[in-house]
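Take a look at the structure set out below.
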Amino acid sequence: MKPLEEKISLNIGGLRFETYASTLQAFPGTRLCRLTEPQAATTFDYDPDTKEFFFDRSSCLFEEVLNYYRTKELHCPDLTCKSALDEELAFWGLSNAPLAPCCWQKLAIAERQKEEYGLREEDQAVVGLLDQAGRNQSAWRGRWRTRIWTMFEKPFSSLSAKGLAAVCLFFNIGVCCLFIAKAFEDTHFLPFYILENQTSLASHLHTEADSPFNTKTPYLLLTELFCVLWFMLEFFSRLLSCPRKKEFLQSPLNAADFLSFFPVYIELSWYRHPESHPGFVFWLDFLRALYFFKLLKVLKLVETPLMLRVLSYTSRALIREILLLLVVLLFEILFFGSLCYFVDIIEDNAYTPFLDIGSAFWWAVVTLTTVGYGDVVPHSPVGKMIGACTALCGILTIIIPIPFFCIKFQGYYDAVMTKEKRKRQMVTLPS
């Protein structure tokens, strides 16, 4: 071992460092500590003219390593990747060196953001199918599945895909227009449906010549049936050509497509006997509202706006916080609604604005969300005080989570912008 007061010179990446041998002996067994041994000049890259050891490493990170030998506290420079720091520490034999609390927190936040904002690549289903077909090019079935799936999922991949996208868009808009036209037609039957006497309703349907169920020819139903047949062809073509059928069936949009097939068939089967289920037609119309989900497929024809993608990532990342906020709101609704209901009954026995506890819960929802319809309000002084507390709690419940949502949204926005810039740089690079 060299004397403790002897100086040792180090050349790290062209930058000269000088320290005492006693400093390097602070952590025995490490690479720097071995420089104090007598055979260090033959083991390492030593220049006898300048009397210094040379290491082709980062001088910026080595400065923090040398400070760790001096102060026993390891810090990390700003804008330093954690993997680069870990690699440097492993080289000097300090893999288990603990970071100082200030820098540990900073790197932990950066790593968590890197994991959270590591956005998924889009169109994985198409890529997966292309890879699968590439391994099976000899099978004609694989080639056709690839072509069919690409035509439906990539509208701009070919001229035939553009034509198919135009036809699908025409049917999607057409079935939504049919739904609106049929809803106008069915509302003429609503006054008859709310009659209390179902027998008179059935006789009215049989006797009235201008009843909507008897006079209308099923032009709308037949046109809707034609659209639904096209949707079924599209759905099963996509299902058979899909590379991951389980994920395809679990998609909410695909599930909505499947459920929207049934209303037209059910109504056609009951078309000649409307009196048997007079109110079921409105439930079928309610189910037909799934047609509007088909309009979301229009987004495939244009590039998804950046803001929509950021909102999608943010909502998925904040699902736990949103559920927690809903639980808090549910507690406040039950607590303030029941409290105000019973207080109003005790304070004013003769008159209470709440017909039942359900109306009190409705009042709590309207007050907590600061909508304030004013259809139901407490009348007693104590009830008004509870109403004021309810409104204040509602404001705080809504306002407090907003900064967290904004921070998360900003993080995803920065990540998406960085990704877009990288894509543009890759496109502009010469091949």
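The values are calculated or read from the model by the stated rules, or taken from the named source; none is laboratory data. A quick note: this is a predicted structure, and the numbers were derived from the prediction, not measured. Cβ placement follows ideal geometry from the backbone for every residue including glycine, while neighbour counts extend to all protein chains displayed. With ligands, DNA and RNA removed, areas are computed over all heavy atoms of the protein, side chains included. Shrake-Rupley method; radii C 1.70, N 1.55, O 1.52, S 1.80 Å.
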Residues of region 1-49 being among the polar types (S, T, N, Q), under 55 Å from the mean Cα position of the chain (by Cα) and either part of a loop (DSSP other than H, G, I, E, B) or at pLDDT below 85 (or both), which ones? Gln25, Thr30
Residue in region 226-247 that is touching an Asp or Glu at 6+ places or on another chain (Cβ under 8 Å), at pLDDT below 85 and assigned by the TED database to the domain that holds Val167 present: no
Of the listed residues (Val371, Val366, Val382), the one being touching an Asp or Glu at 6+ places or on another chain (Cβ under 9 Å), of a type outside the set (D, E, K, R) and surrounded by fewer than 17 Cβ atoms within 10 Å (Cβ to Cβ) is Val382
Over region 30-89, the set of residues within 13 Å of Asn11 (Cβ to Cβ) and charged (D, E, K, R) is Asp45, Asp47, Asp49, Lys51, Glu52, Asp56, Arg57
Which members of region 331-368 meet the condition of being in contact with a Leu (Cβ under 8 Å, 6 or more places away or on another chain) and in a loop (DSSP other than H, G, I, E, B)? none
What are the pairs with Cβ atoms under 8 angstrom where one residue, in region 231-258, is over 21 Å from Phe170 (Cα atoms) and the other, located anywhere, is β-branched (Val, Ile, Thr)? Sequence gap at least six, or different chains. Leu240/Ile148; Ser241/Thr146; Ser241/Ile148
So Val264 ticks every box in (1) more than 29 Å from Lys154 (Cβ to Cβ); (2) modelled with pLDDT under 80; (3) crowded, with 16+ Cβ neighbours inside 10 Å but one. Which box is left unticked? (2)
Which number in (1) surrounded by fewer than 16 Cβ atoms within 10 Å (Cβ to Cβ); (2) modelled with pLDDT of 85 or more; (3) not charged (D, E, K, R) marks the one condition that Trp104 misses? (2)
Run down Ala90, Ala125, Ala139, Ala97 and say which single residue is at pLDDT below 60, open to solvent by less than 80 Å² (accessible area, probe 1.4 Å) and more than 34 Å from the chain's Cα centre (by Cα). Ala139
Members of region 317-343 found to be open to solvent by 90 Å² or more (accessible area, probe 1.4 Å) and over 22 Å from the mean Cα position of the chain (by Cα), listed by number: Leu330, Phe331, Phe335, Phe342
Restricting region 12-28 to residues that are open to solvent by less than 40 Å² (accessible area, probe 1.4 Å) and among the aliphatic types (A, V, I, L, M), the residue that is farthest from Lys51 (Cα to Cα): Ala26
Please determine, by comparing only the residues of region 215-256 that are open to solvent by less than 80 Å² (accessible area, probe 1.4 Å) and within 21 Å of the chain's Cα centre (by Cα), which one is farthest from Thr146 (Cα to Cα). Ala256
List every residue pair whose Cβ atoms sit under 7 Å apart, with the two residues 6 or more apart in sequence or on different chains, where the first one lies in region 55-71 and is in a helix (DSSP H, G or I) and the second, anywhere, is open to solvent by 20 Å² or more (accessible area, probe 1.4 Å) and β-branched (Val, Ile, Thr). Tyr69/Thr23; Arg70/Thr23
